[in-house]
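*Asks:* First the structure, then my questions, so here it is.
The values are calculated or read from the model by the stated rules, or taken from the named source; none is laboratory data. Predicted, not measured: the structure shown is a model, and the values here were computed from it. A quick note on method: Cβ atoms are made from the backbone with ideal geometry, for glycine too, and the neighbour counts reach across all protein chains shown. The protein model used for the area step is the full one, side chains on, heavy atoms only, and it has no ligands, DNA or RNA in it. Shrake-Rupley method; radii C 1.70, N 1.55, O 1.52, S 1.80 Å.
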Amino acid sequence: MTHSTIGDLLLQNGVSRRAFLKYCTAMASLMALPPSMGRALAETLRAARRPSVIYLSFQECTGCAESLTRAFSPSVESLLFNVISLDYQDTLMAAAGHRAEEARAQAMKDNDGEYLVIVDGAIPTADGGVYGMAAGRTYLDVMQEVGKGAAAIICLGTCSSFGGIPMAKPNPTGARPVSEIISGKPIVNISGCPPVPEVITGTLFQYVSMGKLPELDELGRPKVFFGNSIHDRCYRRPFYDEGKFAKTFDDEGARNGWCLYELGCKGPTTYNACATVKWNGGTSFPIESGHGCIGCSEPEFWDKGSFYAPLSSAAFGKAGNVSPREAAKLVGAAAVVGGAIGLGAAAVSRQRQQKLAGAAPDKKEG
Amino acid sequence: MDLLTFARGPALQFALVVFTIGVAWRIAGIALLRSGKLLSEPRAPLVKALLAGLATTGSRSWPHPEFIGRTGAGEAIGYSYHIGLFIVVLAFAPHIQTWAGFLGFDWPALPSGVITIISVITFALLLAVLFRRLTHRVLRLLSNFDDYFSWFITTLVIVTGLMATAHFGGRYETLLGLHVLSFDVLLLWFPLGKLMHAFYIFPSRAINGYLLARKGAPS
């Protein structure tokens, strides 16, 4: 199926030129390109061959695949799935068992060095990788084999990008992100738990239409989607600047839509497109629904303390963020230790003072 | 563990412990020293002398009229940046949340824009006091590493805070990590150097005032 062009396929499916141009213009806008690029993208895309895509699911919850399939129908996202050849995805594909594995092997053979690999989930490495297996092989083994012939690897979600929840402490399975398993291949991290559907499709679209991967930030994420923090693009930002904060999830401030910083929002240190692209067809995003950002698109987000502790609170203590009782105990104990040392120092000084006073009898001290 | 988590986690915990031990050590070490016995007849009753001591904390906080021309500007700048620091530390929402984590309660914040303006003014005043220290011959001769490092670490906290707010010079979380880390260093340095004046200044003025009043020379 990968040998027909996207244009041929669209004609077969009865997609009109107008609908296709509209779609390309929307995708150009999503990628922060000028609207005039829509026509150029359409021409390139029409003549392009559908790339073979092998979608591997490892230590994951299928939330990323759910996110991908939650694209509104009929939508631009579903159209994009007509322009790639999804040759292996164990949740969505009709084949099962050894036939599914054969389909993957065939796709790898036919498109060696040209296929795209999408990875969903972290990869367990402890004890030879036995904590994650499919078809009698470890995920680690499959990843290494499939990664060898890939043109590029797209990590879908925080688990494959940064290890995510499987890699959270104590990480009993030795979970690792793809970037720690595969080297020498272009890797794009589309983090998020799950990632925004349009970010996934936008990245794929750019690869198919422009023949290259998008510009990445230092964490390997497409800059066009991960260039700004949630906080900087949040509609509640003006309230932060005014010093107006919700104190609880149901107080007047919360009802007025004030900033959720004091309720633990991690928007200032989280980079994603949630505040701009939003979810569910642009309906809303978590902060708009009244809950602070939990920072799910950042590395180690699960181990960075409570989701409900303000970002500026001290990050030590049993619950990850210090409580007043713990702080009092710590400071009290340190003060006792310091006071005892001071007492000892004063005793030594007093002895010295006494000696000096003894040496000068006319200068008595009390 | 990333820089920010390290800075506001184990580094802050360690710095807080060192700060508390150091401050308690120095205060106890001084408070428990022998005090000189008053050999003369008390010129003022005890309560009056104590009140005079309290009054001295205020009267000694501004130069004598005779010296105001020479030192007034320097003192005004000094007070101004201290006030600026207090406002930024106590009235910026994220800082209040840091306090609230320790104290269990919070208070209203000033708008971020106001805090930014005050921070910039405070930074400018800190530059002014450094300029004065470097250009004033006597001050320069009196200054040592303690003075310059205390100035440096205080200014670094302000500068990294401003950089984090403006997203200038790096990613926000990195700058915020550096900001908190510089504050951790300030806490570590605090009991070792002249920053301890925060604890000494008013008690020492009060004790001086009390002693002078008992000797018949209220100040």
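*Asks:* Go through region A:196-249 and tell me which helices (runs of 4 or more DSSP H), entirely inside it, have 2 or more residues that are within 11 Å of chain B (Cβ to nearest Cβ).
*Replies:* On the way: elements: A:197-210, A:223-226, A:230-233, A:237-242.
Counting at least 2 such residues, we get A:230-233, A:237-242.
*Asks:* Among what's in region A:1-36 and is assigned to a loop (DSSP other than H, G, I, E, B) and touching a helix residue (DSSP H, G or I) at 6+ places or on another chain (Cβ under 6 Å), pick the residue that is least open to solvent (accessible area, probe 1.4 Å). Please lay out each step first, then the result.
*Replies:* Initially, region A:1-36 is screened for residues assigned to a loop (DSSP other than H, G, I, E, B), giving A:1-4, A:13-16, A:31-36.
Of the ones still in play, those that are also touching a helix residue (DSSP H, G or I) at 6+ places or on another chain (Cβ under 6 Å) are A:31-32, A:35.
Values: A:Met31: 12, A:Ala32: 79, A:Pro35: 100 Å².
Per the criteria, the residue is A:Met31.
*Asks:* Quick one: count up the residues across region B:3-33 that are surrounded by fewer than 16 Cβ atoms within 10 Å (Cβ to Cβ) and not hydrophobic (A, V, I, L, M, F, W, C).
*Replies:* 1
*Asks:* Something else: Just a yes or no: is a residue in region B:90-98 loosely packed, with under 15 Cβ neighbours inside 10 Å and under 23 Å from the mean Cα position of the chain (by Cα)?
*Replies:* Taking region B:90-98 first, the residues loosely packed, with under 15 Cβ neighbours inside 10 Å are B:90.
Now drop any that are not under 23 Å from the mean Cα position of the chain (by Cα), which leaves B:90.
Checking region B:90-98: at least one residue is loosely packed, with under 15 Cβ neighbours inside 10 Å and under 23 Å from the mean Cα position of the chain (by Cα).
*Asks:* Hey, B:Ile96 hits all of (1) free of Cβ contacts under 8 Å to residues at least 40 places away in the same chain; (2) more than 9 Å from chain A (Cβ to nearest Cβ); (3) part of a helix (DSSP H, G or I) but one; which does it fall short on?
*Replies:* For B:Ile96, the exception is condition (2).
*Asks:* Follow-up question, since we're still on this one. Exactly one of (1) among the hydrophobic types (A, V, I, L, M, F, W, C); (2) more than 8 Å from chain B (Cβ to nearest Cβ); (3) open to solvent by less than 20 Å² (accessible area, probe 1.4 Å); (4) assigned to a loop (DSSP other than H, G, I, E, B) is unmet by A:Phe316. Its number?
*Replies:* Every condition holds for A:Phe316 apart from (2).
*Asks:* If we scan region A:162-176, do we find a residue that is crowded, with 24+ Cβ neighbours inside 10 Å and aliphatic (A, V, I, L, M)?
*Replies:* Yes, region A:162-176 contains at least one residue that is crowded, with 24+ Cβ neighbours inside 10 Å and aliphatic (A, V, I, L, M).
*Asks:* Under the condition of being of a type in the set (A, V, I, L, M) and at pLDDT 95 or above, which residue from region B:73-89 is surrounded by the most Cβ atoms within 10 Å (Cβ to Cβ)? Talk me through it step by step, then tell me what you get.
*Replies:* From region B:73-89, those of a type in the set (A, V, I, L, M) are B:73, B:76-77, B:83, B:85, B:87-89; that's our starting set.
Then keep just the ones that are at pLDDT 95 or above; that gives B:83, B:85, B:87-89.
On the way: B:Ile83: 14, B:Leu85: 18, B:Ile87: 17, B:Val88: 21, B:Val89: 15.
Only one residue tops the list, namely B:Val88.
*Asks:* Pick from A:Ile341, A:Ile294: which is part of a loop (DSSP other than H, G, I, E, B), hydrophobic (A, V, I, L, M, F, W, C) and either open to solvent by less than 70 Å² (accessible area, probe 1.4 Å) or free of Cβ contacts under 8 Å to residues at least 40 places away in the same chain (or both)? Please lay out each step first, then the result.
*Replies:* Working: A:Ile341 fails: part of a loop (DSSP other than H, G, I, E, B).
Within the list A:Ile341, A:Ile294, the selection yields A:Ile294.
*Asks:* Hey, another quick one. Pull up region B:3-56, narrow it to residues that are part of a helix (DSSP H, G or I) and touching a Ser or Thr at 6+ places or on another chain (Cβ under 8 Å), then point me to the one that is farthest from B:Thr160 (Cα to Cα).
*Replies:* Just the residues of region B:3-56 that are part of a helix (DSSP H, G or I), to begin with: B:3-31, B:46-56.
Restricting the remaining residues to those that are touching a Ser or Thr at 6+ places or on another chain (Cβ under 8 Å) gives B:3-4, B:8, B:29, B:52, B:56.
Values: B:Leu3: 14, B:Leu4: 13, B:Arg8: 15, B:Gly29: 34, B:Ala52: 42, B:Thr56: 37 Å.
Applying the filter and picking the extreme gives B:Ala52.
*Asks:* Among residues belonging to region B:36-52 that are free of Cβ contacts under 8 Å to residues at least 24 places away in the same chain and either open to solvent by less than 80 Å² (accessible area, probe 1.4 Å) or among the basic types (Lys, Arg) (or both), point out the one that is farthest from A:Gly305 (Cα to Cα).
*Replies:* B:Lys37
*Asks:* Does region A:264-278 contain any residue that is at positive phi and facing another protein chain (nearest Cβ under 10 Å)?
*Replies:* yes
*Asks:* Just to be sure, is A:Gly211 surrounded by fewer than 18 Cβ atoms within 10 Å (Cβ to Cβ), under 22 Å from A:Tyr23 (Cα atoms) and in the same structural domain as A:Ala309 (by TED's automatic domain parsing)?
*Replies:* Values: surrounded by fewer than 18 Cβ atoms within 10 Å (Cβ to Cβ): yes; under 22 Å from A:Tyr23 (Cα atoms): yes; in the same structural domain as A:Ala309 (by TED's automatic domain parsing): no.
So A:Gly211 does not fit the description; no.
*Asks:* Let me ask you something else. If I ask for residues that are open to solvent by 60 Å² or more (accessible area, probe 1.4 Å) and assigned to a helix (DSSP H, G or I), which ones from region B:99-113 would you list?
*Replies:* Once the filter is applied, which keeps residues that are open to solvent by 60 Å² or more (accessible area, probe 1.4 Å) and assigned to a helix (DSSP H, G or I), region B:99-113 yields B:Trp99, B:Leu103.
*Asks:* Between residues in region A:155-178 that are in the same structural domain as A:Ser57 (by TED's automatic domain parsing) and more than 13 Å from A:Glu298 (Cα to Cα) and residues that are of a type in the set (S, T, N, Q) and part of a strand (DSSP E or B), which pairs lie under 6 Å by C-beta distance while being six or more apart or on different chains?
*Replies:* A:Cys155/A:Asn189; A:Pro166/A:Gln59; A:Ala175/A:Gln59
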